[in-house]
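Worksheet: one structure, shown below.
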Amino acid sequence: MGHRLADTSSPARLAAPDEGIGHDELALATRNHGLPLEALRYDVTPPGLHYVLTHYDMPYVPDDTAWRLTVTGRVHRPLHLDLADLKEFPQVTTRVTLECAGNGRALLTPRPVSQPWLVEAVGTAEWTGVPLRLLLAEAGVDADAVDVVFTGADHGVERGVEQDYQRSLPIDVATGTEPEVLVAHAMNGAPLPPQHGHPLRLIVPGWYGMAHVKWLREVTVTDAPFTGFQQSVAYRLRQESGEEGEPVTRIVPRALLVPPGFPDFMSRARVVRPGPVQLEGRAWSGRAPVTRVDVSTDAGTTWQEAELEPDEGRPWAWRRWHFAWTAAEGEYELSARATDAAGHTQPLQQPWNRGGFANNLVQRVPVLCLAEAP
C-alpha cells in the first residue's frame, strides 16, 4: 500500500475538553514566536522582537542570490524584475502594525489545535518598498482582471495539500492607495531579515498577517477569483466543519497592556507596590483608526477612558495609550479595550470560530499589589 501526503498531514480539529498543548503545538510554538509584551514600549519593534509565523521552512536565500520577481497573467507586458530594477521605482516607507490572524487562539474554549498564540502575535515596523500599484501599472492590467495572486518561495504540505504558500487580493485592493500595498525589501531601514521574508515580501496595511506573503517571487493577475488552499480552505471564519465561511481580511481592534510592575518567572503574574502606577500599552485596528481606549482595574466591572497619544499621520500603526492608576494592597485584574472610528469595539465574550481567527477578546492581566515594605 502506497504512502500519501495525508499520512503526515493531520486534519484541522478542536482540542478535547481538558486536552493540554500537544507536542505538535509545542513544536510550532518553538519555531514561531510572539512579541514580549514589555516590548510594546517601542514605537517601532526591533526585528528580533517582532512576532514571526512561518508556515513551512524559511527559504535559504544567500545575499548574492539573483532573486527575480515576475509579474504575469492578465497583463499587457509581463515583468521580470531583480532587486536593482525594483529600486528604480519610487520608494515608499510606511509604518504598519502586523498581527497574526490566529492571535489569541490558545485562549479559546474549545481550543482550535494549531499555533498556540496567547496575545503576543503582533509587531510594528517601518517597511520600505515599491507600491504594488506602480508595478501593475507598468505591466498594464487587463480590463477583465479580478484577483492578484502572490506566490512565496516557501513550500510544504497542509491538511494533505502540497503547495507553495499563496494568497490573493482583489484587484481594487492591489491597485488601491488606501491602503497602499507594498512590495517591500527593507524593514526598519535595513534589508529584510530571513524570518521576515528576505529579500522581498508583501505588506498589506490593515490586513492580518496571512496576506503579507513572504519570500515573494511571483505576482499573477487572474480573471477569476483565486481558490488556492490558503484562500478558500484556511483563513475562513467557520462555526461548523464543512461551512464555506467568511474570509479573514482586516484586523479587528485590539488593545494590549505593557505588563506593569515585575513578573513571577513561571506564571508571569505581575506584582506592584502600593501607590501611583502608570498603565500603558498600544491599540490598533485595520478597520478604522482607533479613537478610544478604556481601562478596567476591577475585572471589567467599571471602565475609565485612557489618554490616547496622536497617531502622527500613521493610520496603519498602533497608538500608545496611558492611564494613571493608584494601586492599593490586594488582587486585581486589569484590562484595556479599544474602539475604532467605525464603532468596532473589543468584545467581553470570546468571538469563537473553528480556526481561532480574529479573536480580539479583551486581555486580562492579574496583578498582585503587595503591602507596603516595612
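Would you check if residue 328 is among the small types (Gly, Ala, Ser), modelled with pLDDT of 95 or more and more than 27 Å from residue 116 (Cα to Cα)?
For residue 328, the condition - among the small types (Gly, Ala, Ser), modelled with pLDDT of 95 or more and more than 27 Å from residue 116 (Cα to Cα) - is met.
Give the stretch 227-237 a look and list any residue that's without any contact (Cβ under 8 Å) to a residue 24 or more places away in the chain and assigned to a helix (DSSP H, G or I), or say none.
Hit for the stretch 227-237 is 232, nothing else.
Taking only pairs six or more apart or across chains, which ones have beta-carbon atoms under 6 Å, a first residue in the stretch 238-252 that is assigned to a strand (DSSP E or B), and a second residue that is among the basic types (Lys, Arg) and open to solvent by 60 Å² or more (accessible area, probe 1.4 Å)?
Pairs found: 250/287.
Check off (1) farther than 30 Å from residue 5 by Cα; (2) outside any strand (DSSP E or B) for residue 195 and give me the number that stays unchecked.
(1)
A quick yes/no check of all residues on (1) out of contact with any Gly (no Cβ under 7 Å at 6 or more places or on another chain); (2) over 13 Å from residue 228 (Cβ atoms); (3) open to solvent by less than 50 Å² (accessible area, probe 1.4 Å):
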{"position": "154", "(1), (2), (3)": "yes, yes, yes"}
{"position": "158", "(1), (2), (3)": "yes, no, yes"}
{"position": "161", "(1), (2), (3)": "yes, no, no"}
{"position": "167", "(1), (2), (3)": "yes, no, yes"}
{"position": "172", "(1), (2), (3)": "yes, yes, no"}
{"position": "176", "(1), (2), (3)": "yes, yes, yes"}
{"position": "180", "(1), (2), (3)": "yes, yes, yes"}
{"position": "184", "(1), (2), (3)": "no, yes, yes"}
{"position": "187", "(1), (2), (3)": "yes, yes, yes"}
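Quick grid of which residues meet (1) among the small types (Gly, Ala, Ser); (2) buried (at least 19 other Cβ atoms within 10 Å of the Cβ):
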position: 298; (1), (2): no, no
position: 303; (1), (2): no, no
position: 319; (1), (2): no, yes
position: 327; (1), (2): yes, yes
position: 337; (1), (2): no, yes
position: 343; (1), (2): yes, no
position: 369; (1), (2): no, yes
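If residue 266 passes every condition in (1) modelled with pLDDT of 95 or more; (2) under 28 Å from residue 364 (Cβ atoms); (3) in a loop (DSSP other than H, G, I, E, B); (4) of a type in the set (A, V, I, L, M, F, W, C) but one, which one does it miss?
Residue 266 satisfies all of (1) modelled with pLDDT of 95 or more; (2) under 28 Å from residue 364 (Cβ atoms); (3) in a loop (DSSP other than H, G, I, E, B); (4) of a type in the set (A, V, I, L, M, F, W, C) except (1).
Name every residue in the stretch 53-98 that is aromatic (Phe, Trp, Tyr) and farther than 20 Å from residue 129 by Cβ, in order of residue number.
Going through the stretch 53-98, the residues aromatic (Phe, Trp, Tyr) turn out to be 56, 60, 67, 89.
Passing the criteria: 56, 60.
How many residues, within the stretch 272-288, are of a type in the set (Gly, Ala, Ser) and surrounded by fewer than 18 Cβ atoms within 10 Å (Cβ to Cβ)?
Count: 2.
Just to be sure, is residue 82 open to solvent by 60 Å² or more (accessible area, probe 1.4 Å), among the charged types (D, E, K, R) and within 30 Å of residue 138 (Cβ to Cβ)?
no
What strands (runs of 3 or more DSSP E) lie completely within the stretch 39-145 and have 3 or more residues being touching a residue at least 24 places away in the same chain (Cβ under 8 Å) and not hydrophobic (A, V, I, L, M, F, W, C)?
68-73, 92-99, 122-131
Any residue in the stretch 22-34 that's in contact (Cβ under 8 Å) with a residue 12 or more places away in the chain: show its pairings with residues that are of a type in the set (D, E, K, R) at Cβ separation under 8 Å, as long as the two are six or more apart or on different chains.
Close Cβ pairs (under 8 Å, with a partner that is of a type in the set (D, E, K, R)) amount to 34/120.
Restricted to the stretch 9-61, and to residues that are surrounded by 14 or more Cβ atoms within 10 Å (Cβ to Cβ) and of a type in the set (Ser, Thr, Tyr), which residue is farthest from residue 119 (Cα to Cα)?
9
Given the condition open to solvent by 60 Å² or more (accessible area, probe 1.4 Å), charged (D, E, K, R) and over 24 Å from the mean Cα position of the chain (by Cα), answer yes or no: does some residue in the stretch 263-271 qualify?
yes
Return the residue satisfying two criteria in turn: it lies in the stretch 7-37 and is in contact with a strand residue (DSSP E or B) (Cβ under 9 Å, 6 or more places away or on another chain) and assigned to a helix (DSSP H, G or I), and of such residues it is nearest to residue 311 (Cα to Cα).
Within the stretch 7-37, the match that is nearest to residue 311 (Cα to Cα) is 37.
Yes or no: residue 81 more than 23 Å from residue 316 (Cα to Cα) and of a type outside the set (S, T, N, Q)?
It is true that residue 81 is more than 23 Å from residue 316 (Cα to Cα) and of a type outside the set (S, T, N, Q).
Please work out if residue 291 is open to solvent by 60 Å² or more (accessible area, probe 1.4 Å), modelled with pLDDT of 95 or more and among the β-branched types (Val, Ile, Thr).
Yes: the conditions hold for residue 291.
The values are calculated or read from the model by the stated rules, or taken from the named source; none is laboratory data. All values reported here derive from a predicted model rather than from experimental measurement. As a convention, Cβ positions derive from the backbone with ideal geometry for all residues, glycine included, and neighbour counts pool all protein chains shown. Calculation scope for accessible area: heavy atoms of the full protein, side chains included, ligands and nucleic acids excluded. Shrake-Rupley method; radii C 1.70, N 1.55, O 1.52, S 1.80 Å.
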